[in-house]
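**Q** Provided herewith is a single structure, encoded as structure tokens, for subsequent inquiry.
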Amino acid sequence: MDVVGYAFMAAIAAGLGAMGGLGGAILLVPALVLTGMPTAQAAPLGLISVAAGSIAAGAQQLRDRTVNHRLGVATEIAASTGAVVGATLSGLVSDSALTYVLATVAALAALASFRKGRVHVALESSDIEVGERIGSLSGVIRTPVGIVPYVVQHLPIGLGLMTIAGLIAGTAGAPGGFIKTPATSEVMGVPPRVAASTTTFTVGVTAAAALVVFALDGRIDASISCAVIAGSLIGGRLGAGLQSRLPDQLLRRVLGVLLVCVAVVLVSRA
Amino acid sequence: MSTEFDHSLAVSTIRGRWQVPYLTWITRVLIVVALVGTFAPGPVGTVVQVSAVAVAIAVPLLRVLWLIHRWRQERDWIFVVIGGALLLVIATGAVIAIVG
């Protein structure tokens, strides 16, 4: 396949991923593997797509003030440690083992796409200032139903899940956002909007941590990476634009079914 | 760790709104550079491709550096240390990749 083909593949994956709210890499890496690319070579391309998507989403999330940077950086220590370890070890693991990891990741992401979120209680009064709190992981967010203060709970479990997400990112090139977002909202008790935005910020850092290792190992193909960046940014924008016009639940279910099919095909190929 | 929201904690002044136009422009420039890199042949193409990849890797890390700087201004030393530890983890990975 030529670089234009990779750009189209990245655009389609990013578009579908953005519409389903899971990001493009979760589809891109399996798609690359199914075209015959070794998983070890596809993983860095998935992470490049993640990093580019995280940059593209950054401006809107800063405007909305939905990212909790303190929580993101604190949990990112665990995720980046996992990503660095995963990226270092991925060079030593057989390609078929990596493909099994990727199939498991696709199946887990499919499960995540069917989940329902926790409901947070909004306060009637609006005299609490919105934003992060200095010296803590807590904060306050404005939602359509009111002001929602939150406190991070079960931090050790959350950090454990972040480490797993980082390991998956480093080995399989999938961003692990499908673990990070539910871990942040369901386990750590953070409102879903903050969890999703904080995850979008942190997956970029996780990807960068693993990509530093891949780059210094000489495992990044710059020409294909460039095509993936172009495709991911354009496809991600188109997908995000279409997302608001299509039914959210249906999109997530379609993406979930697609990921189950991807997992089955990957296992049969491995 | 308390599960009750502590109303006595000070609100962080970090908004990061000045980053919005920069991130918007970086995204636009990255699209153009990546498209040029996809189609440009030869050594020029290689330089453009490597630049696009370098930007994609560097920007998330620069955002962490900026956060550490702002937390230092807010005298939030716990998070200055946490941010520094994150960069140390990434630097350790780089050293392992070089040495290994």
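The values are calculated or read from the model by the stated rules, or taken from the named source; none is laboratory data. This one's a predicted model, so the numbers in the text were calculated from it and none came from an experiment. Heads up, the Cβs are rebuilt from the backbone with ideal geometry, glycines too, and the neighbour counts pull from every protein chain shown.
**Q** Whether any residue in region B:3-13 is closer than 22 Å to A:Phe201 by Cβ, within 7 Å of chain A (Cβ to nearest Cβ) and touching a residue at least 60 places away in the same chain (Cβ under 8 Å) is what I want to check.
**A** Scanning region B:3-13, I find at least one residue that is closer than 22 Å to A:Phe201 by Cβ, within 7 Å of chain A (Cβ to nearest Cβ) and touching a residue at least 60 places away in the same chain (Cβ under 8 Å), so the answer is yes.
**Q** Residue check: is A:Ala112 at pLDDT 85 or above and hydrophobic (A, V, I, L, M, F, W, C)?
**A** no
**Q** Additional query: Can you give me the number of residues within region B:34-49 that are of a type in the set (Val, Ile, Thr) and more than 8 Å from every other protein chain (Cβ to nearest Cβ)?
**A** 3
**Q** Taking A:Gly23, is it surrounded by 24 or more Cβ atoms within 10 Å (Cβ to Cβ) and at positive phi?
**A** yes
**Q** So in region A:216-230, with the set limited to residues that are facing another protein chain (nearest Cβ under 7 Å) and either of a type in the set (Lys, Arg) or in contact with a Phe, Trp or Tyr (Cβ under 6 Å, 6 or more places away or on another chain) (or both), which one is surrounded by the most Cβ atoms within 10 Å (Cβ to Cβ)?
**A** A:Ala227
**Q** Inside region A:190-270, counting only helices (runs of 4 or more DSSP H) that do not spill past its ends, which hold 3 or more residues that are in contact with a Cys (Cβ under 9 Å, 6 or more places away or on another chain) and within 30 Å of A:Ala74 (Cβ to Cβ)?
**A** none
**Q** Next question, about the same structure. Which ones in region B:67-81 are in a helix (DSSP H, G or I) and either at the interface with another protein chain (Cβ under 9 Å from one of its Cβ atoms) or surrounded by fewer than 17 Cβ atoms within 10 Å (Cβ to Cβ) (or both)?
**A** B:Leu67, B:Ile68, B:His69, B:Arg70, B:Trp71, B:Arg72, B:Gln73, B:Trp77, B:Ile78, B:Phe79, B:Val81
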